[in-house]
């Protein structure tokens, strides 16, 4: 009886461990800490790249493209690979290699970062490139202008940043900024 009970308990413990029920509270044994470290590394690794010591996971189709084109109430616009609208800042200087949006500005207008060393675009006819951010990341550019997200855009298709302060504008596939129409 004891032998059957111990085999049953062992099988249950193994099944729980394999199904992820063991948890990663961070206060457990070194095995749990290693799992938490791997999970943390995977969470900060861009899609399509491998975390240290792990096999690369296939990237979702939407993550393979940095920028693409979508229809909106403002016409055809450039969006990121997940459909989030991107904007240009009229105070940026074309081909300057830097962003004029710094400090608190970045809270509302975070930079659109390249997923890999060479940015990819689908349907964007403007020239796509990158500039270095102060922390060494690669911010995407279109026709030499850095591109940004708007923090109040929370779902694909949102264009709440269009015309904000008369200096933030959506981008046409050609890379030209789209002037804000009355009502934006």
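The values are calculated or read from the model by the stated rules, or taken from the named source; none is laboratory data. Everything numeric here is computed off the predicted structure, so don't read it as measured data. A quick note on method: Cβ atoms are made from the backbone with ideal geometry, for glycine too, and the neighbour counts reach across all protein chains shown.
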Any residue in the stretch 151-167 that is in the same structural domain as residue 89 (by TED's automatic domain parsing), within 17 Å of the chain's Cα centre (by Cα) and either under 17 Å from residue 92 (Cα atoms) or assigned to a strand (DSSP E or B) (or both)? no
Sort through 116, 121 and tell me the only one that's surrounded by 14 or more Cβ atoms within 10 Å (Cβ to Cβ), modelled with pLDDT under 95 and in the same structural domain as residue 153 (by TED's automatic domain parsing). 116
Quick check on my filter: what residues within the stretch 94-111 are under 14 Å from residue 150 (Cα atoms) and in contact (Cβ under 8 Å) with a residue 40 or more places away in the chain? 101, 107, 108, 109, 110
The lone condition residue 163 fails out of (1) closer than 20 Å to residue 71 by Cα; (2) surrounded by fewer than 17 Cβ atoms within 10 Å (Cβ to Cβ) is (2)
